[in-house]
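Let me begin by presenting the structure, written as structure tokens, before commenting on it.
Read the figures in this text as sums done on the coordinates, not as results from a lab. Only a predicted model underlies this, so the values are computations on that prediction, with no experimental measurement involved. Glycine also receives a Cβ, built like all others from the backbone with ideal geometry; neighbour counts cover every protein chain displayed.
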Amino acid sequence: MVHVGSSQASPFLYESKGEQGAYLALSHCWGTSQPFTTERSTIEQRKACIHWDSLPKTFQDAIIVARKLGVSYLWIDSLCIIQDGLEDWQVESSQMAKIYANAHMTIAALSASSDTAGFISSRGYPSSMLSLPSGNETDPPSHVGVRRTLHLHNSGPLSGPHCNLFERAWTYQERLLSRRVLYYSDQEISWECRGATYCECGSYKPSKFSWEDDFSMRLHQAYAVLHGKESRVKFTSSHDMYDWWRHSAVSDYRRRKLTKESDRLPALSGLATAFQALTGDTYLAGLWAGDLLHGLLWSSSENGRLPPEYRAPTWAWPSVDGGTFFIIEGLGKRNQNISWFSKKIAASCTPAGSDPTGAVKGGHTTLYGPVTHSELMISDLQNGKTAKSQLVYELFIKDEPVESKQTIYIHRPNYLSPSFSPDTVLVGGDGLLAEGEIEDTVESEHQERGKVKTQRTVRRSRLLPDDPRPAVRGTVLLLLLMSSKDTSRSVNDSSRYRFLVLGRSTTVAGAFERNGLLTLVDFPWEHHGRNIHAVARMAEVTIV
């Protein structure tokens with residue numbers, strides 16, 4: 001902790017010895033550079049004294065607030081964690097749930113874009129002067145200063161372009177885990193706790209969170225997850241808790257920015273730790289073992305790309321850089337007729353360090369369900385004629401009893417509802433067959449790589465959507481996860497079948513890697529007289 005000192009005594013780092021007491025926590029944007037941190041070479045110096053003039057303004061302002069409130073201790077992550085000590089960083093980052101949840105209050109530098117900006121300063125209110133006639137021709141008019149309402153349409157003080165803090169991924173869990181937050185923006189001070197939100201200007205005065213405010217609703221749900229009885233909003237089932245994690249926590253978190261994309265899992269570790277304490281479930285790189293099949297139903301935006309280094313197994317959403325959303329809302333509700341075709345056999349992840357909910361260095365899941373071998377062909381309608389590609393995805397299904405191929409166009413430009421969502425730009429690659437495995441379902445190129453037999457497959461890449469690429473054709477595996485049907489509609493709704501599109505792993509023999517999510521409506525090849533149940537076979541599939 002930082003002991004904030006006084007006007008006569010300099011602050012310093014204090015290493016506690018198990019004492020208990022009140023402290024504040026700072027939530028802030030570091031900025032593009034970190035001018036003042038604690039490292040192994042400076043920790044002893046920080047324990048002795050931290051010179052006031054060496055502190056960036058945001059830290060100075062936070063210490064001033066703590067002193068004014070009479071709280072002697074302050075948590076500042078960049079000072080209280082040794083930044084060049086990987087082990088200390090992993091241990092402390094795994095404690096974020098406790099640090100922010102147990103803080104007496106969190107000070108949030110809402111508008112400051114960096115530590116050098118500070119948050120205590122003169123305010124730039126948008127104002128003007130009105131001239132009011134006196135009613136008497138001999139008396140001069142009166143002048144009244146007026147200020148424009150800060151929160152138009154009851155938008156609230158914690159939204160808008162001045163909320164730089166909410167653009168950063170690390171601060172997401174800091175807000176949800178804190179019991180009380182005091183926000184300093186460039187216009188006013190705002191207060192947020194589990195009971196209400198208030199602003200200094202007085203134009204936003206709800207006595208409780210407004211249910212029309214979507215994020216307030218989610219915030220209450222977060223408190224229900226993290227604090228149980230302390231929230232007025234209760235989850236009625238474990239399904240509701242997992243649904244909150246997928247559709248609120250992960251979706252909101254993924255929209256935020258990271259300076260280092262490698263922090264994608266560590267920056268969510270505190271929230272995952274709190275959620276794990278409530279559910280007792282096993283955490284799997286952003287997903288949960290008790291909700292794994294639902295958790296696999298994620299889709300990436302068109303700008304998804306493969307990270308430059310390993311981040312997570314391909315079946316987990318952190319394995320792709322770019323936006324992520326979960327494709328099915330409301331699973332398990334009364335108006336959804338759900339059928340599951342696959343089941344989980346096993347799943348695990350290997351932590352990269354001491355934090356069990358932080359970065360991982362490996363993982364796999366084994367599923368049992370209907371699988372169909374096919375070939376995926378990707379071609380560009382433009383053939384390089386324009387800078388922007390227009391890709392066509394075709395599946396060639398081999399119906400073995402009939403010895404005929406059936407072609408499905410699963411994604412074409414200008415389709416209103418393309419059914420295939422690739423995780424990234426897909427390219428060709430050589431997948432590794434297991435020892436003794438015979439590829440006997442589709443006509444595909446395969447060759448020997450030393451003693452390992454390979455097969456031409458499709459895999460993810462780091463290419464951007466408009467980068468030129470050759471036509472791709474390779475073996476893929478379709479794993480049918482589930483089907484859903486909305487029974488609330490007046491017109492009979494078609495069933496939607498969700499498949500994982502898997503390519504042979506290029507690193508683990510006999511295993512597969514995820515390439516995307518496929519949605520088919522009532523199986524478009526049924527008119528040939530055969531459906532998925534005739535084409536598919538039940539099998540165990542390991543995905544890495």
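Sorted ascending by nearby beta carbons within 10 Å, beginning with the fewest, 38, 282 become 282, 38.
Cross-link check: pairs 260/453; 98/260; 361/485; 57/361 evaluated at a Cα-Cα cut-off of 27 Å; pairs beyond the cut-off: 260/453; 361/485; 57/361. Taking the number of Cβ atoms within 10 Å of each Cβ as an exposure proxy, the fewest-first ranking of 2, 144, 181, 91 is 144, 91, 181, 2. Once you sort the root eigenvalues of the Cα gyration tensor of region 35-81 as a ≥ b ≥ c, which label holds: rounded (a/c under 1.5), prolate (a/b larger than b/c) or oblate (the other case)? Prolate. Rounded to the nearest Hz, the phi-derived 3J(HN,Hα) couplings of region 104-120 under the Karplus curve 6.51 cos²θ - 1.76 cosθ + 1.60 (θ = phi - 60°) are 4, 6, 10, 8, 10, 7, 5, 9, 5, 8, 7, 5, 7, 6, x, 9, 9, where x marks glycine and proline. Amide H contacts under 5 Å for residue 115: 31, restricted to partners 5 or more places along the chain or on a different chain, H placed in the peptide plane at 1.01 Å from N.
Close amide H contacts of residue 345 (hydrogens built in the peptide plane, cut-off under 5 Å, sequence separation of 5 or more or a different chain): 366, 367, 368. Rounded to whole numbers, the Karplus 3J(HN,Hα) couplings from phi for region 164-181 are 4, 4, 7, 8, 9, 5, 4, 7, 5, 5, 5, 5, 5, 7, 6, 7, 9, 10 Hz, using 6.51 cos²θ - 1.76 cosθ + 1.60 with θ = phi - 60°, and x at Gly and Pro. In terms of other Cβ atoms within 10 Å, 287, 297 run from fewest to most in the order 297, 287. Evaluated with a Cβ-only charge set (Lys, Arg +1; Asp, Glu -1), region 16-96 carries a dipole of roughly 360 debye about its Cα centre, given to the nearest 20.
Look at where the Cα atoms of region 78-118 and of region 298-314 average out, and the two centres are 27 Å apart.
Applying the Karplus relation 6.51 cos²θ - 1.76 cosθ + 1.60 with θ = phi - 60° to region 495-506 yields 3J(HN,Hα) values of 6, 10, 9, 10, 10, 8, 9, 10, x, 4, 5, 8 Hz, where x marks Gly and Pro.
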